[in-house]
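Before any comments, here is the structure.
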Amino acid sequence: DAGVTQSPTHLIKTRGQQVTLRCSPKSGHDTVSWYQQALGQGPQFIFQYYEEEERQRGNFPDRFSGHQFPNYSSELNVNALLLGDSALYLCASSLGNQETQYFGPGTRLLVL
Amino acid sequence: GDSVTQMEGPVTLSEEAFLTINCTYTATGYPSLFWYVQYPGEGLQLLLKATKADDKGSNKGFEATYRKETTSFHLEKGSVQVSDSAVYFCALSDPLGAGSYQLTFGKGTKLSVIP
């Protein structure tokens, strides 16, 4: 049973560029949440997708957007990258209205 | 808003020592509580959880009890191993409505176990 997978594992971008990160949820899960983990900090909730719609959103600017596909996989897009966007981006999946979330290995983004 | 406070690290212990990592929370509702572990260079793994007051979560020798009266969820292990070296995160899951949940994390506690 495949767990949550994310791609790419590492990414280097420059300020002002745009980036797309990808996530495939655990088999059977239909809900995907994205978190940002800055160095030395706990993860911060960005948003959650369910039934191809953004269901909830944390305190992140509109530069952060996402999408969920019919197969439940998801993308996180960040526009106009800032140095402060450098972080580990974690995807988590869950089933419907269940609260336990399972995390992928993350994508480490470095903005220069 | 919701928040989670963990004891500051790093924590360094000798192998077979007793471990306690303190965690307290503030929440408006009735959250479920979790401990996640992050090994170097990896994502988060669910270690254990508890969904209501007085529940005890346990896994791999780790345990934590949901204490509503003290709003705490301290992580304990009787005898740590070198392989337990990692960062431990306490988190709460508060319902946002319509079957949606958001995790709120503490800042993490780094544990190093030396032989």
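The values are calculated or read from the model by the stated rules, or taken from the named source; none is laboratory data. This one's a predicted model, so the numbers in the text were calculated from it and none came from an experiment. Cβ coordinates were reconstructed from backbone atoms using ideal geometry, including for glycine residues, and neighbour counts include every protein chain displayed.
Overview of results
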{"item": "Tabulated pairs, segment B:39-53, first at pLDDT below 90, second among the acidic types (Asp, Glu) and assigned to a loop (DSSP other than H, G, I, E, B), C-beta under 7 angstrom, 6+ apart or interchain", "result": "none"}
{"item": "Some residue of segment B:100-109 being of a type in the set (Lys, Arg) and buried (at least 20 other Cβ atoms within 10 Å of the Cβ)", "result": "no"}
{"item": "Residue in segment A:105-112 that is facing chain B (nearest Cβ under 8 Å) and either crowded, with 23+ Cβ neighbours inside 10 Å or modelled with pLDDT under 95 (or both) present", "result": "yes"}
{"item": "Residues of segment A:29-47 that turn out to be among the polar types (S, T, N, Q) and either more than 12 Å from A:Leu95 (Cα to Cα) or surrounded by fewer than 20 Cβ atoms within 10 Å (Cβ to Cβ) (or both), as a count", "result": "4"}
{"item": "Residues of segment A:89-104 that turn out to be out of contact with any Leu (no Cβ under 8 Å at 6 or more places or on another chain) and surrounded by 13 or more Cβ atoms within 10 Å (Cβ to Cβ), as a count", "result": "4"}
{"item": "Filtered residues of segment A:10-34 (kept if under 19 Å from A:Asn79 (Cα atoms) and among the polar types (S, T, N, Q))", "result": "A:Thr14, A:Gln17, A:Gln18, A:Thr20, A:Ser33"}
{"item": "Positions within segment B:77-106 being within 7 Å of another protein chain (Cβ to nearest Cβ) and either part of a strand (DSSP E or B) or modelled with pLDDT of 95 or more (or both), in sequence order", "result": "B:Phe89, B:Ser93, B:Leu96, B:Ser100, B:Tyr101, B:Gln102, B:Leu103, B:Phe105, B:Gly106"}
{"item": "Residue identified as touching a strand residue (DSSP E or B) at 6+ places or on another chain (Cβ under 9 Å), more than 30 Å from B:Pro10 (Cβ to Cβ) and among the polar types (S, T, N, Q) among A:Gln44, A:Gln68", "result": "A:Gln68"}
{"item": "Residue list for segment B:69-81, restricted to those being free of Cβ contacts under 8 Å to residues at least 60 places away in the same chain and surrounded by 14 or more Cβ atoms within 10 Å (Cβ to Cβ)", "result": "B:Thr71, B:Ser72, B:Phe73, B:His74, B:Leu75, B:Glu76, B:Lys77"}
{"item": "Residue, nearest to B:Ala91 (Cα to Cα), within segment B:38-47, restricted to residues that are within 11 Å of chain A (Cβ to nearest Cβ) and surrounded by fewer than 22 Cβ atoms within 10 Å (Cβ to Cβ)", "result": "B:Leu46"}
{"item": "Residue list for segment A:91-100, restricted to those being among the polar types (S, T, N, Q) and part of a strand (DSSP E or B)", "result": "A:Ser93, A:Ser94"}
{"item": "Listing of strands (runs of 3 or more DSSP E) fully contained in segment A:1-90 that carry 1 or more residues being within 13 Å of chain B (Cβ to nearest Cβ), at pLDDT 95 or above and under 25 Å from B:Ala91 (Cα atoms)", "result": "A:5-7, A:19-24, A:31-37, A:44-50"}
{"item": "Single unsatisfied condition, B:Phe34 versus (1) surrounded by fewer than 14 Cβ atoms within 10 Å (Cβ to Cβ); (2) within 14 Å of chain A (Cβ to nearest Cβ)", "result": "(1)"}
